[in-house]
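The structure under discussion appears below in the form of structure tokens.
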């Protein structure tokens, strides 16, 4: 297992610290805010060592995040926090670019094939384990974990039917994997776009860039304070 793990993560299993923070991609500013100078690349994942935690870049998608979490079972990891971004499904006065939220209920539509063939089945909701984020003073939201950026705006009526506030790709898989390996979990999401208004493909104006940067900074500050 040691050689297998090291090939995937770029570090030995014993180097993993008790708290792991998983992020799906390089969120701008995170490594600097968390005091990491470099990330060690494995064949699939990358790791950086902070003061009291290991930061792991998993890659985007439910499969990568889920596998990244499952492989931590036979390591010193004892708690896992997910740090990611999400899109606001509908405009809200109380949420904006840069706002922090934490998942409360998650609905998973992780089959790309079902999405594009319009054969989606309503999933059972997953109640997120927020053991690590219970004291975080941010709202809990209903989340859609959705396997396609291209198709998301075509399914707004479905998201409204489920009373969902934000959309992303990985949270459902993350919490299921943490449950599978019996690790306490939590997730912090930073709103980075708004469907139909300020999409993920759009360039943010200076004011929104500032809000997003501040939201990321606040998320990282909370992680450091919670160690």
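With neighbour counts taken as other beta-carbon atoms within 10 Å, the residues 71, 9 rank, fewest first, as 71, 9.
Projecting label points 7 angstrom from Cα along Cα→Cβ for residue 161 and residue 92 puts them 2.1 nm apart.
What number, in percent, do you get for the relative contact order of segment 2-225 if the mean sequence gap of Cα pairs under 8 Å and at least 6 apart is divided by its residue count? Relative contact order comes out at 26 percent. Distance between the modelled labels on residue 111 and residue 7, one decimal in nanometres: 3.2 nm (7 Å Cα→Cβ projection). Modelled spin-label separation between residue 209 and residue 40, with each label point placed 7 Å from Cα along the Cα-to-Cβ direction: 3.5 nm.
Helix 171-180 and the longest principal axis of the C-alpha atoms of the chain enclose an angle of approximately 40°. Between residue 151 and residue 51, take the C-beta separation as r, use R0 = 30 Å, and let me know the FRET efficiency to the nearest 0.05. Using R0 = 30 Å, I get an efficiency of 0.15. In a Debye calculation with equal point scatterers on the alpha-carbon sites of the chain and no solvent, what is log10 I(q)/I(0) at q = 0.08, 0.10, 0.17 Å⁻¹? Debye intensities relative to I(0), on a log10 scale: -0.27, -0.43, -1.24. Against the chain, whose longest principal axis comes from its Cα atoms, helix 206-225 is set at around 40 degrees.
Which value at 222 nm does the chain reach when only helices count, each DSSP H run of 4 or more adding -39,500 (n - 2.57), with the total divided by all residues and rounded to the nearest 500 deg cm²/dmol?
Details: 7 runs with 62 residues, N = 227.
One gets -7500 deg cm²/dmol as the mean residue ellipticity at 222 nm.
Taking the fewest neighbouring Cβ atoms within 10 Å as the starting point, the ordered list for 39, 23, 169 is 39, 23, 169.
For a footprinting-style exposure proxy, rank 69, 133 by other Cβ within 10 Å, fewest first. Don't skip to the end; give the middle numbers.
Details: 69 28, 133 21.
Ordered by Cβ neighbours within 10 Å, fewest first: 133, 69.
FYI, it's all coordinate maths here, none of it is from the lab. Note that this is a predicted model, so its numbers are computed, not measured. Reconstructed Cβ throughout: ideal geometry from the backbone, glycine too, with neighbour counts over all protein chains shown.
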